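Here the structure comes first, spelled out in structure tokens, and everything after it is commentary.
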Amino acid sequence: MKVYRSLADINIDFETSVALGNFDGVHIGHQKILKTAVQMAEALEVKPACFTFSNHPRELFGKSGSSILFITNDDEKLQLFEDAGIEVVFDVLFDEVTMNMLPEVFIKEILCDKLKAKGVSCGFNYRFGTRASGDNQLLLELGNRYGYETSIIQPVKVGSEIVSSTAIRIYIEAGDIIKANEFLGRPFSIFGAVVRGNHIGSKIGFPTANIELSFNKVSPMNGVYFTRTSVDGSTYNSVSNVGTKPTIGDYDKSIETHIFGINEELYGREIKIEFLKLHRPEVKFETVELLTEHIADDVESARRFHGVKKL
């Protein structure tokens, strides 16, 4: 999959069918937009592509130092695009130029001249151009003039609720992983390199792989979760604690994961933790002994959840 990181770098000699959007999380609504772009590409005999931003547009309007917590990091998002069948990604910076571009200029100079779009797919609430004044209706209206087909994807719902990245962030932060995963169409996951911890888990018989949280990615509510962990292409059942370890000290928020069926050194290795269900919130216990008892109960509950037999 070819990735272009700036508008200046785009100089293609092929036509495209382009999915438009921010695509944070690449949830089931986004997946429908991407699938439509791929289907249009097949029908039009062009390359399936995606035009998105490497940062969140709202960051330009926020207070100094403010940032959006992403559901997926850049590498995750690109992999999900590729899994959806996208062959070309235009992942460019949203800046003052793109923010102040007149909507019709965006359509002509970006979509048509730069991306050579013959097909366009976007969500019902897609906005672009100065003051977000461009919308899907304008894309439809100018399609005949500029020679592209447009497909507008209507809201995707779970029950009565419209699927959105904002709703998914809220569910993750509230610990409602089941609902978040339903909206994502897959388990919410966090990647990271294993770092050295305080070895408390090993001392009480439950060694953990510890990873630090990214400053710009949404993280689940502090608590114990039933999880799955991937290491070097193999996936294992696991149980994870997200939090600050209040019983034993004052620590930054991190993830400690006890992995079933693996007994080897993981320091420095990249792992992927998939969150399946919240077991309980994080609690500050009066003693380390009480903490140890609850960790043992958490591990046993995780075994039952995963159907893992105790050796």
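The values are calculated or read from the model by the stated rules, or taken from the named source; none is laboratory data. In this text the structure is predicted, and so the values were computed from the model without any measurement. Ligands, DNA and RNA are excluded from the accessible area calculation, which covers all protein heavy atoms including side chains. Shrake-Rupley method; radii C 1.70, N 1.55, O 1.52, S 1.80 Å.
Leaving out ligands, DNA and RNA, and with a 1.4 Å probe, what % of the accessible surface on the range 187-306 is carbon or sulfur?
Details: 2880 of 5950 Å².
Reported share for carbon and sulfur atoms: 48 percent.
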Asp250 accessible area, assembled protein chains, probe 1.4 Å, Å²
150 Å²
Heavy atoms only, probe 1.4 Å: what % of the accessible area of the range 102-170 goes to carbon and sulfur, would you let me know?
48 percent
Quick check: the angle from helix 74-83's long axis to the longest principal axis of the chain, C-alpha only, nearest 10 degrees?
70 degrees
Over the chain, what per residue volume does the convex hull of the Cα atoms give, in whole Å³?
154 Å³
Karplus-derived 3J(HN,Hα) from phi for the range 253-268 (6.51 cos²θ - 1.76 cosθ + 1.60, θ = phi - 60°), whole Hz, x at Gly and Pro, runs 5, 8, 10, 10, 10, 8, 9, 7, x, 9, 9, 8, 5, 10, 4, x
Taking the solvent-accessible surface of protein heavy atoms with a 1.4 Å probe, what is the per residue accessible area of the range 73-148 in Å²?
48 Å²
In this model, which of Lys118/Lys217; Lys217/Lys253; Lys277/Lys310; Lys108/Lys157; Lys217/Lys245; Lys47/Lys114 are farther than 23 Å apart at the alpha-carbon?
Lys118/Lys217; Lys108/Lys157
Two-decimal log10 I(q)/I(0) for the range 187-306, as the Debye equation yields it once each C-alpha is a single scatterer, q = 0.11, 0.16, 0.17 Å⁻¹
-0.31, -0.70, -0.80
Which aspartates and glutamates, on any chain, are close to Lys179 with Cα under 16 Å apart, when same-chain ones fewer than 8 places away are left out?
Glu161, Glu274
Summing -39500 (n - 2.57) over every DSSP H run of at least 4 in the chain, dividing by its residue total and rounding to the nearest 500, the 222 nm mean residue ellipticity is -8000 deg cm²/dmol
Other-chain or far-sequence residues with amide H under 5 Å of Val163's (modelled H)
Val156, Lys157, Val158
Where N is the number of residues in the range 2-154, Cα Rg divided by 2.2 N^0.38 Å
0.97
